[in-house]
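**Student:** Let me give you the structure first, and then I'll get to my questions.
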Amino acid sequence: MRASLIAGLAGVLLVTGLAAPAQARPAVELGGVLPAPAQVRPHGPGFRLGERTVIEAPRAAGVVADRLAEALRPATGFRLPIVARAGRGTPAISLLLTRPGDGLDGEGYRLSVRPGGVAIRAASNAGLFAGVQTLRQLLPAPIDATTPQHAAWTVPGGDIEDRPRYAYRGAMLDLARHFHTPDEVKAYIDEISRFKVNYLHLHLSDDQGWRIQIDSWPRLTEIGGAPGTGVDGVGGGFLTKAEYRDLVRYAADRFVTVVPEIDMPGHVNAAQVAYPELTCDGQAPPPRTDTAVGYSSLCIGKEVTYRFTEDVIRELAALTPGPYLHIGGDEAHATSDADYLAFQARVLPLVAKYGKTAYGWNEIAQSPAAATAVAQYWNLGTENAVLAAAVARGTKVIMSPADRAYLDQKYDPSTPLGLSWAGYIEVRTAYDWDPGSYLSGVPAEAVLGVEAPLWSETLRSGDDIEFMAFPRLAAIAELGWSTTRDWESFRSRLGAYGPRWTTRGVGFYPSPQIPWAA
């Protein structure tokens, strides 16, 4: 927790690292969760967990049952054994995989609460997991404690039917400007998955550092991941292939898909320090630990550039089971327009060669080769003619407008971390926009989803990640999942969620826009 960062913010909740008092809280309303469910029908008495409660799940849903048991056992102190079939009259939380034709698909789920138990139905484990995340929020806030708490573990009665608006609901974490350890990344995965975020985009290379092992180019991490790399020279480190695979598995167990990014043809100074042959003059540039952008470029006319890019793409694709591989493409100011197009014409097809869908920042839309790619809109403003033209040719879009979705931007002028080049982003600013109609010339059907990037120029720890991401990440998550948008409802539900962060020791920013519960 960062009490020192939030002490002195007058008139708002002071977040401490202490667990919430072990006391029963008022019952949670059935629809009082984040993100907002599609349909909520409260009725009748609820269900109270007790010593006899079991988790009923088929073997095929074992991974979801394991996550549910891990979440509920510490605070309740109940055994909550996982069984294939609950005995007659046994109080149970039932995870039920439905058959095709039952009206559920993808990540959709139905949650029913009766006095005798809770049933979550879905056509997939991803849907069951989404239902489990809703169930966790329907229990009192002490459910997030790591030691047994005294509380009335009651779930309100009724039915929820829910499904996501977008299939892609992402968060991005920058490991290049400052290396965040695997444990810090895992902690972030745990938090974002609570809000049904299902993609984690890892920015693994930039001018200040290279953070993923590539066997065919070993100096990338030997030099680019060494101590002294990163902004201000304090962000050294990198992921071995084993660590990356472990993160991918950990995320998959929480139904989060990892999207790796190698930024090119710009943002490559760290790679060129390690391998001077990637420059046009063959001379190594000096290492950079500042935050300037736009000064580096691969040498587009040299064949070694394409051996390098293909090797990196090949090795990273082999490590990554998810469908996407992000190749950056932004702020390539040191690359001429002609060279940029020549580079993308050769590199975008390499991603498909190794079985992945190419994904890049919206600048890739300049290239005709981007017709089958995904472009991530990050610019300011609501018009981008180049991207609109690419969409007309088939390009799909992830929405991350910097002045709405960038979690590294300050909340207000007094925020001790972050940047402000895109403006100040309070919670309402992050929430009050529609991804499907935001950009002129980009129709709703071309939008695959939303993503909230968190760049690391000013971040140094897991505490920093928490403070900048939360509560704004919850706002972006609701835009990605929910079909309706209601600021007053959202701020009320978000305020009620605050004690859960406090219980877990998450150092969120206590925005004065939100009526935080005590």
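The values are calculated or read from the model by the stated rules, or taken from the named source; none is laboratory data. What you are looking at is a predicted structure, and each value in this text was computed from that prediction instead of being measured. FYI the Cβ positions are ideal-geometry reconstructions off the backbone, even for glycines, and counts take in every protein chain you see. When the accessible area is computed, the model is the full protein with side chains, heavy atoms only, and any ligands, DNA or RNA have been set aside. Shrake-Rupley method; radii C 1.70, N 1.55, O 1.52, S 1.80 Å.
**Student:** Taking only the alpha-carbon atoms of the range 281-392, what semi-axes of the equivalent ellipsoid follow from 5 times the gyration tensor eigenvalues under a square root, in whole Å, largest first?
**Tutor:** The three semi-axes for the range 281-392 are 22, 20, 14 Å.
**Student:** With +1 assigned to the C-beta of every Lys and Arg and -1 to the C-beta of every Asp and Glu, and no other charges, what is the dipole magnitude of the range 432-488 about the Cα centre in debye, to the nearest 20?
**Tutor:** 120
**Student:** If I model a spin label at Lys353 and Arg73 as a point 7 Å from the Cα along the Cα→Cβ vector, what separation in nanometres do I get?
**Tutor:** It works out to 4.8 nm between the two label points.
**Student:** Starting from the Cα of Val386, step 7 Å toward the Cβ, then list every residue of the range 243-272 with an amide N under 15 Å from that point.
**Tutor:** Correct set: 264-267.
**Student:** Sticking with this one: Over the chain, with the other protein chains present, what is the accessible area per residue in square angstrom, probe 1.4 angstrom?
**Tutor:** 36
**Student:** Follow-up. Go through 164-173, 54-63 and give me the packing order, highest mean Cβ count within 10 Å leading.
**Tutor:** Ranked from most to least packed, the peptides come out as 164-173, 54-63.
**Student:** Work out the P(r) tail for the range 51-197: percent of alpha carbon pairs separated by more than 26 Å, whole number.
**Tutor:** So the portion of pairs separated by more than 26 Å is 28 percent.
**Student:** Go through Lys196/Lys410; Lys186/Lys410; Lys302/Lys410; Lys353/Lys396; Lys356/Lys410 and tell me which ones have a Cα-Cα distance over 30 Å in this structure.
**Tutor:** From the list (Lys196/Lys410; Lys186/Lys410; Lys302/Lys410; Lys353/Lys396; Lys356/Lys410), the Cα-Cα distance tops 30 Å for Lys302/Lys410; Lys356/Lys410.
**Student:** Taking amide H positions as placed 1.01 Å from N in the peptide plane, with prolines and chain starts having none, which residues 5 or more places from Ile212, or on another chain, fall under 5 Å of its amide H?
**Tutor:** Leu239
**Student:** Normalised by the residues of the chain, what does the relative contact order come to in percent, with Cα pairs under 8 Å and at least six apart?
**Tutor:** It rounds to 16 percent for the chain.
**Student:** A follow-up question, please. Determine the shape class of the range 462-518: with a ≥ b ≥ c the square roots of the Cα gyration tensor eigenvalues, call it rounded for a/c under 1.5, and otherwise prolate if a/b is greater than b/c, oblate otherwise.
**Tutor:** oblate
**Student:** Could I ask something else about it? For Lys241 and Asp311 in one chain, what is 0.36 nm times their gap in residues minus the Cα-Cα distance, to one decimal in nm?
**Tutor:** Value of the extension gain: 23.7 nm.
**Student:** Which aspartates and glutamates does Lys241 reach when only Cα atoms under 12 Å apart count, and residues fewer than 8 places away in its own chain are ignored?
**Tutor:** Straight-distance partners of Lys241: Asp215, Glu315.
**Student:** What shape does the range 174-285 have by the C-alpha gyration tensor, where a ≥ b ≥ c are the square roots of the eigenvalues, rounded means a/c under 1.5, and otherwise prolate means a/b greater than b/c and oblate the rest?
**Tutor:** Prolate shape, in that a/c is at least 1.5 and a/b is the bigger ratio.
**Student:** Further, regarding this structure: Quote the charge dipole size of the range 19-135 about the Cα centre in Debye, to the nearest 20; the model charges only the Cβ of Lys and Arg (+1) and of Asp and Glu (-1).
**Tutor:** Once rounded to the nearest 20, the dipole reads 380 debye.
**Student:** Can you classify the range 357-438 as rounded, prolate or oblate using the Cα gyration tensor, where a ≥ b ≥ c are the square roots of its eigenvalues, rounded means a/c under 1.5, and otherwise it's prolate if a/b beats b/c and oblate if not?
**Tutor:** Note, shape of the range 357-438 comes out prolate.
**Student:** If you don't mind, another one. Residue separation times 0.36 nm, minus the C-alpha to C-alpha distance between Arg460 and Trp487: what's the value?
**Tutor:** 6.5 nm
**Student:** Taking R0 as 22 Å, what's the FRET efficiency between Thr372 and Ala318 from their Cβ-Cβ distance, rounded to 0.05?
**Tutor:** With R0 = 22 Å, the Cβ-Cβ based efficiency is 0.55.
**Student:** Okay, next question. How much net charge surrounds Tyr431 when only the other residues with a Cβ under 12 Å from the Cβ of Tyr431 are counted, with Lys and Arg +1 and Asp and Glu -1?
**Tutor:** 0
**Student:** Then there's this: What trypsin sites (Lys or Arg not before Pro) in the range 285-345 are in a loop by DSSP, with at most 16 other Cβ atoms within 10 Å of the Cβ?
**Tutor:** Lys302
**Student:** Fully extended, how many nm does the chain gain between Ala252 and Arg85 (0.36 nm per residue separation, minus their Cα-Cα distance)?
**Tutor:** Result for the pair: 57.5 nm of gain on full extension.
**Student:** If you take every residue apart from Pro164 with its C-beta less than 10 Å away from the C-beta of Pro164, what net charge results, scoring Lys and Arg +1 and Asp and Glu -1?
**Tutor:** +2
**Student:** Another question, then. Between the DSSP loop rule and a limit of at most 12 other Cβ atoms within 10 Å, which chymotrypsin sites (Phe, Trp or Tyr not before Pro) in the range 325-431 are left?
**Tutor:** Passing sites in the range 325-431 are Trp421.
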